[in-house]
Structure formats: structure tokens, C-alpha cells
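Notes follow once the structure below has been shown.
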Amino acid sequence: MKIVTTQPVIVLKGLKKRYGIGDAEQTVLDGINLKIHRGEFIAIMGPSGCGKTTLLNILGLLDHADEGEYLLDGRSVDTLSNSRRARIRSEQIGFVFQSFNLIPRLNVIDNVALPLTYKGVSKTKRLMEASKMLSTFHLSNREYYMPWQLSGGQSQRVAIARALVNNPSIILADEPTGNLDSRSSHVIMEELSDIHQRGNTIIMVTHNPNLTSYASRVITMLDGKIASDTLTPRGKKTNIPSKRRLDERRKRSKSSKTKRQKEDK
Amino acid sequence: MRRPLVLYHLGCAYESLRANRSRTILTVLGITIGIASIIIILSLSTGAARIIKEQVSDLGGAVAVVRPGTTTDKPHIDSLTATLAGSQTASHLTEYDLEDIESIDGVTAAAPLMIIGGDVTAGKNTPEKVSIIATTPKLPDVTHLPLGEGQFLDEVTSDQTAVIGAQLAIDLFGTERVAGRTFHTHGQVFTVIGILKRQNKPINYNNIDFDHAAIISLESGKRFNQNIASIQQINIRANSHEQLPDIIKKIEDELTQNHFGEKDFTILAGDDLARPTNELFAAVGATLTVVAGISLVVGGIGVMNIMLVGVAERTREIGIRKALGASNSNIVWQFLLESLVMSLAGGMLGYGLGYLTAFAIARTFLPFNPVFSWEIVGAAFGTALTVGLVFGLYPAIRAARKDPIVALRNYH
């Protein structure tokens with residue numbers, strides 16, 4: 001599959017969102033225009049109520065915009081049916097939440113495998129994938145722990161593993177370190193940064209200005225509008241790592257695996 | 001095409017039902033009781049209805065019965081209020097009809113049944129539930145009446161003698177060995193010359209419980225009725241099953257002629273013999289099933305209630321699942337399968353419990369066994385499935401309609 005890196009992964013044109021009716025009507029997003037390219041790590045900053053989370057929900061297809069256009073991978077997603085949107089969520093979007101949102105009844109590996117379930121992957125295969133993903137986060141020995149047996153930092157790493165397991169085009173993180181102490185925050189940000197280095201697109205909402213140092217681009221929002229949009233030094237330096245690199249790496253590991261299997265035979 | 005997630009949802013359902021064990025058990029119990037009562041009623045009422053069919057086939061199927069009055073095909077529920085066919089019509093069947101029937105080719109035997117009211121007394125004992133039946137010595141040829149002791153009525157001994165049922169013997173004399181003892185009825189003395197074996201078949205096509213019957217000759221019976229024979233039923237046995245339809249036709253012609261061209265009688269054969277009784281049982285069964293159905297509805301409401309609680313409790317989980325790519329139908333199926341698992345488990349348990357109870361009841365109180373049939377199995381699981389579907393659908397749809405943003409926001 002050829003990936004066209006020149007095409008932006010997300011295009012927003014004049015996006016508007018209002019809540020409430022009549023006197024209580026409140027414009028949360030007021031004409032957002034935005035292009036996000038593959039491989040960017042975007043930090044969205046701004047005071048409470050400026051519309052960051054709403055923007056993230058719309059990007060993640062959990063919410064509808066009232067006006068404007070949203071192109072994901074060049075396709076308009078405004079008119080899609082609920083089931084199509086669910087499918088896009090399962091195939092192209094990974095969520096990381098402030099409160100981790102692991103399902104308490106499921107153990108770690110089942111939580112990580114959950115997105116694959118809705119993608120229709122067979123049980124054995126999805127457990128294998130989940131296990132592989134957990135090992136990259138050094139959580140292999142926690143596979144059969146229940147969520148309540150994990151620390152905050154571990155929970156968030158599990159949640160990130162879950163967001164990545166279906167190999168999404170974009171990862172949406174809503175204050176991923178909001179519930180963590182500074183040390184765990186650092187670990188999580190290192191993980192996200194690492195994921196970014198491997199070619200993933202990350203959009204992160206945060207309150208913490210310190211975290212913007214990890215991002216390649218910082219967007220500040222105010223009253224439903226984009227107030228500033230700047231590339232960080234890191235963004236200028238790395239110059240959009242292409243996803244191709246990651247795919248090539250995967251291909252390499254796959255071919256070496258098949259080689260190994262052949263040798264085994 | 002995506003892989004169906006039924007197995008995955010079943011696993012989920014199992015986990016979540018296990019997590020809330022006690023409330024699952026209580027909910028399943030509601031369904032179990034509903035299904036069990038339906039099973040009890042269906043198996044017993046079919047069991048009762050089957051008795052007569054078996055009696056008819058025991059006799060080789062070559063049996064027909066003439067009854068006064070006409071029967072029509074009624075809807076089942078009517079037979080609850082209607083009397084048993086013809087029992088309140090004045091009987092137009094006479095000895096002459098009987099003689100004519102006997103003379104028809106192919107009729108092996110024909111016996112009248114004249115049922116007489118009144119008490120039977122021996123010493124100080126006047127048992128209840130006694131039927132006095134006046135008939136001819138031919139009756140054992142038509143109806144299976146094994147003797148325990150003594151002999152049946154015959155041409156020689158017919159006057160002032162009686163053959164009595166085993167239970168009547170005990171009620172009158174305190175023992176079954178009563179040959180030669182006497183009892184009073186209608187101011188006359190009868191000598192017992194034979195005792196019937198215990199049959200334990202209160203339900204039969206004669207509508208007579210022979211265990212409680214005193215059988216006397218038609219001549220004696222007529223004497224109680226101002227010398228007029230008023231015959232409620234003529235039992236006929238044909239020499240073969242194949243000829244029965246022809247013979248019935250002949251009897252019909254003959255009797256219609258006797259009755260001035262008016263067909264004021266009914267001839268029943270084969271399965272029709274059992275029909276009036278069966279209709280009654282079916283009607284009673286249907287009514288009881290409706291009542292049992294109400295308990296099932298209550299059980300179903302329990303399922304819905306618990307599912308709604310479950311949906312509310314797991315709002316956040318629903319939000320997470322939707323954010324991770326679950327479609328609305330995924331969520332519907334997850335919750336629907338949970339309620340289906342509960343109702344089907346209830347169906348299975350109810351099926352077992354129902355049969356055990358039916359057997360216990362039948363063994364203790366009833367002269368017949370409950371019936372196992374695929375129809376009943378189907379009915380049990382069909383209703384269980386329907387209940388799960390009907391009462392699980394609304395909570396499941398409600399779960400699927402939850403807005404993921406609200407679901408994720410409100411339940412921190």
C-alpha cells in the first residue's frame with residue numbers, strides 16, 4: 001500500500017459547534033480551519049472551555065460538527081452513517097483518555113485487544129497482537145492483571161497500547177497525563193514521543209505547558225478559535241517523519257520472521 | 001464482511017452475569033418458574049388427553065359410539081362453558097335402535113349404557129360418586145372390563161344382580177371380596193355377582209369411572225325409569241377397523257330412519273371418540289397456560305429491569321467500547337445476548353423443574369403420566385427465547401443509543 005505523505009491526514013474547514021438552545025446557546029467551536037499532516041505531534045493548549053476537548057471529540061468521530069467540513073484521509077466524514085463512523089473509529093483512530101478508561105471487568109490483555117475485537121480479528125490473533133503491543137511497553141508481565149491492580153502510569157501505558165493496537169492513522173490523547181504524578185507523566189510523554197518517532201500522528205490536548213516540548217506543533221485555542229499555531233524546534237528538526245519508515249520496519253521484521261519460520265522447518 | 005462477534009459477546013455475557021451472580025440467579029429464577037409452570041400444565045393436559053386415544057387404540061380402533069344430540073366443531077374455549085356433548089339433551093336412543101344396530105352386518109357387538117342417578121346403600125354405607133349403569137351382557141365385548149372376581153351379567157343371572165367396581169366394593173363393604181353380598185338402590189335389593197378389577201381410569205370415552213360403578217342389567221335399569229330405556233350411549237365394536245366407516249354409514253341410515261328422518265344423534269369413532277374430552281382438557285390447559293404465561297411476563301419484566309440496571313451501571317464501559325470502534329449493533333448484541341443467555345438458562349432449568357414437578361404431581365394425585373413431546377420442548381424454548389428477546393431488546397437499544405461523549409464524561 002502506498003501512502004501519500006503530501007496529503008494531509010486531517011483537514012478542517014470552517015468547523016463550528018454549538019451547544020444549548022435559545023438564550024443558553026453557546027458557540028464552542030467558532031470556525032476552525034486546520035490541516036494536520038501525517039507524522040505530526042500536535043499539542044492543543046488553551047484555557048478550560050475553549051473547545052479543545054470538543055475539537056478532539058469531533059476529530060475522533062464521537063461528535064458531529066454543526067457546520068463546516070471535516071476530511072479524514074481526504075474523505076468527508078460528515079455525512080457518514082453511525083456504523084461507518086464506528087468502523088472508522090475502529091480502524092483509523094486510537095483514543096487515550098485522561099482517566100485511562102480501561103474496562104474494569106477485563107484484564108489488561110483483553111483491554112488491549114478490545115479494538116481488534118470490533119475490527120473482526122480472530123481471538124488468537126488479537127491476543128497475540130495485544131501481547132506484542134504490551135511487550136513494546138514493557139508490560140508483558142502484567143498481561144493478566146486486572147486494571148485495579150495497576151498504578152496510574154501503568155494504566156495509561158496499557159491505554160496507549162490499546163490505542164495503538166489497531167495501527168490507527170491518528171492517536172487522540174485527551175490530557176493523557178492529567179491524572180498522573182510528574183514522574184509517571186514523564187514516562188508517558190516519553191512513550192508518546194517514542195510513538196511519534198516511529199511515525200504515528202498524535203493529537204494531544206493538554207493544560208501543561210511543559211509538555212509542549214515533546215510536540216512538533218503547538219496550537220493554542222481561545223473561545224473556540226485557534227489563537228496561535230506554531231511549529232516547535234522539534235517539529236522543524238524532525239520534518240515530518242513519514243509513516244513509510246514504520247511500515248518498512250514492520251515489513252522487515254515480518255520477512256525476517258518468515259525466514260526464521262522457514263529455517264525452523 | 002466482518003466476523004460476527006457472537007462468541008465474543010457470549011463470553012462477555014458470561015463474565016458479566018458471573019460478576020453479578022446473585023442477581024443473575026434471581027432473574028433466571030423468575031424465568032425458570034414461569035417456564036416450569038407452562039411445562040407442568042402442558043405435559044399434564046396432553047397426558048390427560050392422550051389417555052382416551054390410547055384406550056381406543058387398545059381396542060384395535062374398531063370401536064364406535066352412538067350418542068344422543070349433535071356435536072359441532074366448537075372453538076376450544078367454548079367447551080369450558082358447554083356441557084359434555086349431548087349430556088343435557090333428552091336421549092332419543094332406544095332399545096329398538098340397539099336391536100337395529102346389532103342386526104347390521106359387520107357389527108360384532110353393541111352394548112347400551114343407561115346411566116341412572118341415585119344412591120347405593122349397603123348397611124350404613126352410602127358412598128358418593130357412584131354411577132349406576134344399566135347395560136346388556138354384551139358390554140365386556142365392546143369395552144375392556146376385566147373381572148377381578150365372579151362373573152359378568154348374562155342372560156340367566158340378569159335379574160336383581162350387579163357387577164360393581166373395585167372401589168365401590170370397598171366403599172360399600174370394606175373389602176374387594178364381596179361376591180354374594182347385597183346392596184340397596186331405588187328400593188330394591190341387588191346381589192353382587194362380580195367385581196371388576198381396579199382400572200384407575202376415571203377418564204375414558206364412556207365418561208364413566210368403572211371403579212365407582214354398579215353395573216346392572218338393562219331390564220333392571222328400565223324398572224327404575226318407568227320401564228323406558230333411556231340410553232345415553234351405545235358402544236359398538238366392528239369386526240375390523242377397515243370396515244368401520246361403512247358400518248357407521250349403515251348405522252347412521254338405520255337410525256335416521258328410526259328417528260323420522262331427523263339426525264339427532266352423533267356417531268363417534270377413532271380420534272373423535274376422545275374429542276369432547278380432549279377439547280375440555282385443551283380448553284382447561286389453554287386457560288392455565290395463559291395464567292402461567294402471566295408469571296412468565298413477570299419474569300420477563302425482571303429480566304428487563306436487571307438489564308436496565310446493567311446498562312446504567314456500564315454506561316462508561318459502553319462509552320469506552322464505542323470510542324474504541326464498537327458500532328451500535330455491536331452494543332445491542334452484547335446486551336441482547338446477555339438477556340438471551342439468562343432467559344435460555346431459565347428455560348432449561350424451568351424445563352427440568354417443570355417435568356420433575358409434573359411427575360411428582362402425576363405420581364401422587366393423577367392416574368396418568370405427563371407427556372414428553374418435541375412440541376412441548378419447542379414451546380418451552382420458544383417462549384424462553386421470545387421472552388429474552390422481547391424484554392432484552394429495549395435495554396439493549398437504550399445501551400446502544402447512549403452518546404459516547406456523555407457516557408465518558410459523566411461517570412468519572
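The values are calculated or read from the model by the stated rules, or taken from the named source; none is laboratory data. Model, not experiment: these values are computed from the prediction. FYI the Cβ positions are ideal-geometry reconstructions off the backbone, even for glycines, and counts take in every protein chain you see.
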request  = Considering each residue of region B:304-345, count those that are over 19 Å from B:Gly388 (Cα atoms), in contact (Cβ under 8 Å) with a residue 24 or more places away in the chain and either away from chain A (no Cβ under 14 Å) or of a type in the set (Gly, Ala, Ser) (or both), and give that number.
outcome  = 2
query = When only residues in region B:153-178 that are in contact with a helix residue (DSSP H, G or I) (Cβ under 6 Å, 6 or more places away or on another chain) and modelled with pLDDT of 85 or more count, which is nearest to B:Asp119 (Cα to Cα)?
reply = B:Leu168
key: Listing of strands (runs of 3 or more DSSP E) fully contained in region A:8-115 that carry 3 or more residues being away from chain B (no Cβ under 14 Å) and not acidic (Asp, Glu)   = A:10-19, A:26-36, A:41-45, A:67-72
request  = Identify all residues within region B:240-264 that are crowded, with 16+ Cβ neighbours inside 10 Å and under 23 Å from B:Lys53 (Cβ atoms); write none if there are none.
outcome  = B:Leu244, B:Ile247, B:Ile248, B:Ile251
message = As an exercise: evaluate B:Asp272 against (1) under 30 Å from B:Ile51 (Cα atoms); (2) surrounded by 21 or more Cβ atoms within 10 Å (Cβ to Cβ); (3) free of Cβ contacts under 8 Å to residues at least 12 places away in the same chain and give the number of the one condition it does not meet.
response = (2)
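Given the condition more than 14 Å from chain A (Cβ to nearest Cβ), in contact with a Phe, Trp or Tyr (Cβ under 9 Å, 6 or more places away or on another chain) and among the hydroxyl-bearing types (Ser, Thr, Tyr), answer yes or no: does some residue in region B:346-368 qualify? So that I can check it myself, show each step before the final result.
Going through region B:346-368, the residues more than 14 Å from chain A (Cβ to nearest Cβ) turn out to be B:346-368.
From the residues that got through so far, the ones that are in contact with a Phe, Trp or Tyr (Cβ under 9 Å, 6 or more places away or on another chain) too are B:347-348, B:351, B:355, B:362.
Next, only the ones that are among the hydroxyl-bearing types (Ser, Thr, Tyr) stay: B:351, B:355.
Yes, there is a match, as at least one residue in region B:346-368 is more than 14 Å from chain A (Cβ to nearest Cβ), in contact with a Phe, Trp or Tyr (Cβ under 9 Å, 6 or more places away or on another chain) and among the hydroxyl-bearing types (Ser, Thr, Tyr).
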Enumeration of residues in region B:175-191 that are surrounded by fewer than 14 Cβ atoms within 10 Å (Cβ to Cβ) and either touching an Asp or Glu at 6+ places or on another chain (Cβ under 8 Å) or touching a residue at least 40 places away in the same chain (Cβ under 8 Å) (or both) = B:Arg177
message = Return the residues of region A:188-229 that are aliphatic (A, V, I, L, M), surrounded by 18 or more Cβ atoms within 10 Å (Cβ to Cβ) and farther than 15 Å from A:Ile42 by Cβ; say none if nothing qualifies.
response = A:Ile188
request  = Name every residue in region A:137-179 that is among the polar types (S, T, N, Q) and surrounded by fewer than 16 Cβ atoms within 10 Å (Cβ to Cβ), in order of residue number.
outcome  = A:Ser140, A:Asn141, A:Gln149, A:Ser151
query = Do you know which residues across region B:305-328 are surrounded by fewer than 20 Cβ atoms within 10 Å (Cβ to Cβ) and in contact with a Pro (Cβ under 7 Å, 6 or more places away or on another chain)?
reply = B:Leu308
remark   = Given (1) out of contact with any helix residue (DSSP H, G or I) (no Cβ under 9 Å at 6 or more places or on another chain); (2) surrounded by fewer than 23 Cβ atoms within 10 Å (Cβ to Cβ); (3) in contact (Cβ under 8 Å) with a residue 24 or more places away in the chain, A:Thr79 misses just (3)
message = Could you go through region B:309-318 and let me know if any residue there is closer than 21 Å to B:Ile33 by Cβ, modelled with pLDDT of 85 or more and more than 21 Å from the chain's Cα centre (by Cα).
response = yes
task = Could you tell me which of the residues B:Val107, B:Val192 is farther than 30 Å from B:Lys53 by Cβ and hydrophobic (A, V, I, L, M, F, W, C)?
result = B:Val192
message = Here are the criteria: (1) under 29 Å from the mean Cα position of the chain (by Cα); (2) more than 18 Å from B:Ala169 (Cβ to Cβ); (3) touching a residue at least 24 places away in the same chain (Cβ under 8 Å). Tell me which single one B:Gly117 does not satisfy.
response = (3)
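If you check B:Gly285 against the conditions, is it surrounded by 17 or more Cβ atoms within 10 Å (Cβ to Cβ), in a helix (DSSP H, G or I) and modelled with pLDDT under 90? Even if it seems obvious, please write down each step before you answer.
Values: surrounded by 17 or more Cβ atoms within 10 Å (Cβ to Cβ): yes; in a helix (DSSP H, G or I): yes; modelled with pLDDT under 90: yes.
In short, yes.
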query = From B:Ile301, B:Ile294, which residue is of a type outside the set (Phe, Trp, Tyr), assigned by TED's automatic domain parsing to the domain that holds B:Gly47 and in contact (Cβ under 8 Å) with a residue 40 or more places away in the chain?
reply = B:Ile301
message = Based on this model, can you work out whether A:Ser131 counts as more than 8 Å from chain B (Cβ to nearest Cβ), within 24 Å of A:Ala215 (Cα to Cα) and part of a helix (DSSP H, G or I)?
response = no
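Which one of B:Ala379, B:Ala400, B:Ala396 is of a type in the set (Gly, Ala, Ser) and either outside the structural domain of B:Leu29 (by TED's automatic domain parsing) or surrounded by fewer than 19 Cβ atoms within 10 Å (Cβ to Cβ) (or both)?
Of the residues listed, the single one that is of a type in the set (Gly, Ala, Ser) and either outside the structural domain of B:Leu29 (by TED's automatic domain parsing) or surrounded by fewer than 19 Cβ atoms within 10 Å (Cβ to Cβ) (or both) is B:Ala379.
Filter the helices (runs of 4 or more DSSP H) completely within region B:313-412 down to those with at least 1 residues that are within 17 Å of B:Gly293 (Cα to Cα).
On the way: elements: B:315-323, B:328-365, B:374-400, B:404-409.
Ranges flagged: B:328-365, B:374-400.
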Residue selected from region A:116-128 under the condition within 14 Å of chain B (Cβ to nearest Cβ), surrounded by 14 or more Cβ atoms within 10 Å (Cβ to Cβ) and farther than 18 Å from A:Arg89 by Cβ, by the criterion modelled with the lowest pLDDT = A:Lys123
